[in-house]
Amino acid sequence: MKMAQLTPAGTIHPFPRSGLQVFVESQSGQQVLRCYQCGKCTAGCPSAYAMDLGPRRVMRAIQLGLKDEVLASSTIWLCLQCQTCSARCPAEIGIAEVMESLRLLAAAERSRPAERDVALFHRLFRDLIRRWGRIYELGLGALYNLRGRHPFANLGLVPRLLSRGKLPLLPQRTKGASQVRAIFARVRAAEREAPPPEAKEGTDASRQ
């Protein structure tokens, strides 16, 4: 579904509120239209050199409702959540929260991530937290290398980390592990009950 219209003169006219904008604002709590494209977010971003769009262009794409372009971007996966963009924004927009909401949308729609290894790391990290109540570093590294198809990456660091006690051989359970699993269960139940992003988009577009 198109959320912006290209006129014969070559001008892009965004619809008043696209489904993408509605989703991002509801998940992040940020007002995307407050962005006036000053570029301070991208100028201060330590990962901008590796991104295809950069934070400023992602914000503009959300305003235009260009969902496919945003979800196909490497920017949402290369964001470090360092909060530099949010701190520099003169409009006080939490751009880091916007990026996180886009990752949630990409996961909900099972979009093919532009940065496959980053998306894989996110998923494995989350799954290990759910299982053990805390991160299990050795398991994370092993699963990441195997599923990422680079089984010997950073393997030379393991003996030194083990000898210094920095890398436990076995996972350690925390006292609140069952509570963490209960939180994950509640989130999954809420996700099953919530309408999919596409349904929200169609409902919003019908008002326009």
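A few notes on this one:
- No other residue among Gly19, Gly94 is in contact with a Lys or Arg (Cβ under 9 Å, 6 or more places away or on another chain), in the same structural domain as Glu109 (by TED's automatic domain parsing) and of a type in the set (Gly, Ala, Ser) apart from Gly19.
- When Val118, Val98 are screened for being aliphatic (A, V, I, L, M), at negative phi, assigned to a helix (DSSP H, G or I) and at pLDDT 95 or above, only Val98 passes.
- Taken together, Tyr49, Tyr36 contain a single residue that is more than 16 Å from Val24 (Cα to Cα), surrounded by fewer than 21 Cβ atoms within 10 Å (Cβ to Cβ), without any contact (Cβ under 8 Å) to a residue 24 or more places away in the chain and of a type in the set (Phe, Trp, Tyr), which is Tyr49.
- Applying the condition of being out of contact with any helix residue (DSSP H, G or I) (no Cβ under 7 Å at 6 or more places or on another chain) and among the basic types (Lys, Arg) to the range 150-186 and asking which residue is farthest from Trp132 (Cα to Cα) yields Arg160.
- Scan of the range 161-189 for residues that are without any contact (Cβ under 8 Å) to a residue 12 or more places away in the chain, aliphatic (A, V, I, L, M) and more than 15 Å from Ala142 (Cα to Cα), ordered by number: Ala182, Ile183, Ala185, Val187, Ala189
- Residues satisfying the stated conditions in the range 52-66, i.e. without any contact (Cβ under 8 Å) to a residue 24 or more places away in the chain and of a type in the set (A, V, I, L, M): Leu53, Ala61
- Those residues of the range 126-141 which are in contact with a Pro (Cβ under 9 Å, 6 or more places away or on another chain) and in a helix (DSSP H, G or I), in sequence order: Leu128, Arg131, Trp132, Glu137, Leu138, Gly139
- Test: residue in the range 181-196 that is among the aromatic types (Phe, Trp, Tyr) and assigned to a helix (DSSP H, G or I): yes
- Of the residues examined, Leu157 is one that is surrounded by fewer than 18 Cβ atoms within 10 Å (Cβ to Cβ), assigned to a helix (DSSP H, G or I) and of a type in the set (A, V, I, L, M, F, W, C).
- Residues being small (Gly, Ala, Ser), surrounded by fewer than 22 Cβ atoms within 10 Å (Cβ to Cβ) and not in a helix (DSSP H, G or I) - total across the range 17-30: 1
The values are calculated or read from the model by the stated rules, or taken from the named source; none is laboratory data. Worth saying up front: this structure is predicted, and the values here are computed from it rather than measured. Cβ sites come from the backbone with ideal geometry, for glycine too, and all protein chains shown count toward neighbours.
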